[in-house]
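The structure under discussion appears below in the form of structure tokens.
The values are calculated or read from the model by the stated rules, or taken from the named source; none is laboratory data. Because the structure is predicted, anything quoted here is derived from the model rather than measured. Methodologically, a virtual Cβ is constructed for each residue, glycine included, from the backbone with ideal geometry; neighbour enumeration extends over all protein chains shown. The accessibility values were calculated without ligands, DNA or RNA, using every heavy atom of the protein model including side chains. Shrake-Rupley method; radii C 1.70, N 1.55, O 1.52, S 1.80 Å.
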Amino acid sequence: MKINKWILPMLLVTAFFASCNNDDDLKPSNLERNWFVLEDSDDPVDHLRYLFYEETGIPVFYNDTIGVTERTDVFGNSYLDYTTLSMDYSLGGVGSRPLIWYYSLCPKEDVPDGLDFLETEIMPWVPEGIHVHSFLLLDSLALTSGSVESFKGMNTVLVAGITKLKNMEQEERSQLRAAVLGTMFAASVSTLENELKSFYQTTRSYYDTEDLYGYNLWYFQNRTPYSDPKEVGFLGVDPTNTYSLPTESVDVSMYIEAIFAYTEAEFEGLYGGYEAVMKKYEIMVSILKGLGVPL
């Protein structure tokens with residue numbers, strides 16, 4: 001069957017004018033809005049968040065839902081689309097067990113304390129080369145392994161204990177600072193394979209029969225010449241699995257956290273009797289300085 005040669009041009013013209021008429025009803029969709037870019041607000045707390053963002057370029061949130069957009073589906077029905085922080089992830093892929101077990105959000109009235117903590121205790125240690133996508137302020141946080149003070153998700157660093165800052169002693173603040181900075185820097189340090197070779201080898205050289213990283217604690221104490229993990233350069237057992245020695249990533253995190261938790265003199269007072277620990281401490285300090293961390 002032949003198609004009339006005038007039908008196609010007429011259909012195109014009709015569609016053109018229909019689309020022009022529909023343009024009058026178009027509204028901003030917010031589909032391209034970047035919710036990590038904060039705007040100033042008349043709200044006192046959100047204004048403080050904006051000032052922190054303006055100074056550091058890092059957005060701080062107190063809710064895991066950071067944006068809501070009204071959209072329309074293919075049938076013309078309106079619905080709300082929520083943008084949430086990607087806090088939990090697992091390297092095991094689809095179906096692997098989530099790392100975050102529970103968290104509670106920080107009340108809005110405690111956000112100024114959280115911002116002050118970030119400004120005075122965290123940001124002075126963060127060099128330009130370390131990218132921080134955002135912070136999420138929390139009251140409490142627990143992983144599947146137990147309660148923690150900080151955790152690095154895909155696009156945010158979770159900081160717990162914000163509601164306790166008002167009554168927190170300086171020693172506790174220092175411990176919280178160490179946990180947050182340890183979380184933030186561990187991901188960057190763990191990618192430096194060449195720089196970490198001597199760090200890992202310091203421990204491995206003490207027992208070349210088997211790899212001590214992730215080694216069963218009972219086997220370590222009964223099948224090797226050692227009884228204390230510090231003898232081979234570990235600061236302790238794996239805090240996420242007390243039946244095992246630390247894995248490589250946990251070992252890195254524990255050292256970084258210890259560097260920020262103690263002064264050099266305090267660290268030496270605790271571990272100076274363990275040659276392997278002090279050697280790994282010096283290596284990790286050198287790696288952090290190489291990243292621009294002002295130690």
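For a modelled paramagnetic label at Glu266, 7 Å from Cα along Cα-to-Cβ, the residues of segment 137-173 in reach, with backbone nitrogen under 13 Å, are 169-173.
Taking mean projected area of the Cα convex hull in nm² straight from the coordinates, which label in (i) 19.4; (ii) 24.9; (iii) 16.1 is the correct one? Label of the calculated value: (ii).
Ligands, DNA and RNA aside, Trp35 has an accessible area near 40 Å² when probed at 1.4 Å.
Once the C-beta distance of Ser205 and Ser104 is scaled by a Förster radius of 30 Å, the resulting FRET efficiency is 0.10 to the nearest 0.05.
Suppose every Lys and Arg Cβ carries +1 and every Asp and Glu Cβ carries -1, with no other charges. What dipole size does the chain come out with about its Cα centre, to the nearest 20 debye? Walk me through the numbers on the way to the answer.
Details: 20 positive and 44 negative charges, 242 e Å.
It comes to approximately 1160 debye.
Along segment 224-230 the Karplus relation, 6.51 cos²θ - 1.76 cosθ + 1.60 evaluated at θ = phi - 60°, assigns HN-Hα couplings of 10, x, 10, 10, 10, x, 5 Hz to successive residues, with x for each Gly and Pro. Of the GluC sites (Glu not before Pro) found in segment 154-239, those that fall in a DSSP loop while having at most 14 other beta-carbon atoms within 10 Å are Glu169, Glu210.
In segment 164-287, taking the dipole from charged Cβ atoms about the Cα centre, the farthest positive-side position among Asn167, Thr247, Thr203 is held by Asn167.
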